[in-house]
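> Below you'll find the structure I mean.
The values are calculated or read from the model by the stated rules, or taken from the named source; none is laboratory data. Because the structure is a prediction, the values reported are computed rather than measured. No Cβ is skipped: glycine too gets one built from the backbone with ideal geometry, and neighbour counts run over all protein chains shown.
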Amino acid sequence: MKKILLAGLLLTSSMLWAQTPFDRQGHRGCRGLLPENTVAAMKKAMDLGVQTLELDVVISKDKQVVVSHDNYMAATISQKPDGTPVTSAEEKSINLYQLPYTEIRKFDVGMKPHPQFKEQQKFAAYKPLLAELIDSVEAYAGSKKLPLPKYNVEIKSAPETDGVYHPAPAEFVDLVMAICQSKKLGQRLNIQSFDARPLQLIHQKYPAVRLAYLTANPKSVAENLATLGFTPQIYSPYYKTVTAETVKACHQQNMQIIPWTVNTKAEIDQLMQLGVNGIITDYPNLF
């Protein structure tokens, strides 16, 4: 009986979303293969056929929008301008929100071997500005005759670090949106966050922008949407929390469901069978 019910759920899901193209997203570009959030990683992800480049943004002291997962120089990937490694004991003291971008750019984030990604190629790299990254990949797409990519931009904020590692949500949102609007990304842009506050602000101030709510908890879809306060276009849960019921609940709310971060072919296939609308992975070559 359970198998019959599951088959029914999958059939309903596939019928409802049959016309929605499956969204292959490269996490931080292609973190499993090249250093994360670098221009080179984004270009490689495009070569591998991703539709959407997933990336993170933080704010520098001089209010520049910087592509970086962490608000500080993470020890796993960073080396100081003099070539010495950033240690785990000091990483959070190298606060990007307290550094001008000219100083941030001097740190290398491509040469240090990553303990989690043994296949990752190593080369000298820096944290790019969001504007530079967009310009670079758009030009690359044109030169290689590739489709222009979509961008899934994550705002890295939390209430407890407002004013310490990043500006308050209103300023953060406006800084990011100024860049995205200047690049005329239109429907090729969506903004995501674990922090409901920037999503709520964008929903009110920039209603045309597609939004994705990131979750990493065992709560139901309804419970998480109650926290957010509205229904976004995309629900993006940690992949291990996804069940057939999760997929059904999202589709009933007319939301796409795009889990993160799925790094084996077997798990990608399993989630596709459940009817998810896309996958975020460190290894776009698995697609």
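> Looking only at segment 121-154, filter to residues that are of a type in the set (D, E, K, R) and within 15 Å of the chain's Cα centre (by Cα); which one of those is surrounded by the fewest Cβ atoms within 10 Å (Cβ to Cβ)?
For segment 121-154, the residue satisfying everything is LYS150.
> Scan segment 202-230 for residues that are surrounded by 15 or more Cβ atoms within 10 Å (Cβ to Cβ) and touching a Phe, Trp or Tyr at 6+ places or on another chain (Cβ under 9 Å) and jot them down.
The answer is HIS203, LEU211, ALA212, TYR213, LEU214, THR215, VAL221, ASN224, LEU225, LEU228.
> Now for a separate question. Only one of these is touching a Ser or Thr at 6+ places or on another chain (Cβ under 9 Å) and farther than 16 Å from GLY275 by Cα: SER236, SER220. Name it.
Among SER236, SER220, only SER220 is touching a Ser or Thr at 6+ places or on another chain (Cβ under 9 Å) and farther than 16 Å from GLY275 by Cα.
> Assess whether ASP70 counts as being surrounded by fewer than 19 Cβ atoms within 10 Å (Cβ to Cβ), in a loop (DSSP other than H, G, I, E, B) and of a type in the set (Asp, Glu).
When the stated conditions are applied, ASP70 does not pass them.
> In this structure, does SER157 turn out to be among the polar types (S, T, N, Q), more than 20 Å from the chain's Cα centre (by Cα) and either at pLDDT 95 or above or closer than 26 Å to SER236 by Cα (or both)?
Answer is no for this residue.
> Given the residues LYS118, LYS106, which is the only one that is part of a loop (DSSP other than H, G, I, E, B), touching a Pro at 6+ places or on another chain (Cβ under 9 Å) and exposed (fewer than 15 other Cβ atoms within 10 Å of the Cβ)?
LYS106
> Looking at GLN233, GLN181 in this structure, which one is out of contact with any Pro (no Cβ under 9 Å at 6 or more places or on another chain) and farther than 19 Å from GLN256 by Cα?
When all the criteria are applied, what remains is GLN181.
> Does segment 113-134 contain any residue that is among the β-branched types (Val, Ile, Thr) and in contact with a Cys (Cβ under 9 Å, 6 or more places away or on another chain)?
The answer is yes, given that some residue of segment 113-134 is among the β-branched types (Val, Ile, Thr) and in contact with a Cys (Cβ under 9 Å, 6 or more places away or on another chain).
> Every residue in segment 27-47 that is part of a helix (DSSP H, G or I) and of a type in the set (Lys, Arg), please.
Correct list: LYS43, LYS44.
> For THR12, work out the one condition from (1) at pLDDT 95 or above; (2) of a type in the set (S, T, N, Q); (3) over 28 Å from TYR97 (Cα atoms) it doesn't fulfil.
Condition (1) is where THR12 drops out.
> Out of ALA75, ALA89, ALA131, I need the residue that is among the aliphatic types (A, V, I, L, M), touching a helix residue (DSSP H, G or I) at 6+ places or on another chain (Cβ under 6 Å) and without any contact (Cβ under 8 Å) to a residue 40 or more places away in the chain. Which one?
Checking each option against the conditions leaves just ALA75.
> Right, next: Applying the selection to segment 36-59, what residues are surrounded by fewer than 24 Cβ atoms within 10 Å (Cβ to Cβ) and over 22 Å from LYS122 (Cβ atoms)?
If the condition is that a residue be surrounded by fewer than 24 Cβ atoms within 10 Å (Cβ to Cβ) and over 22 Å from LYS122 (Cβ atoms), then GLY49, GLN51, THR52 are the ones that fit.
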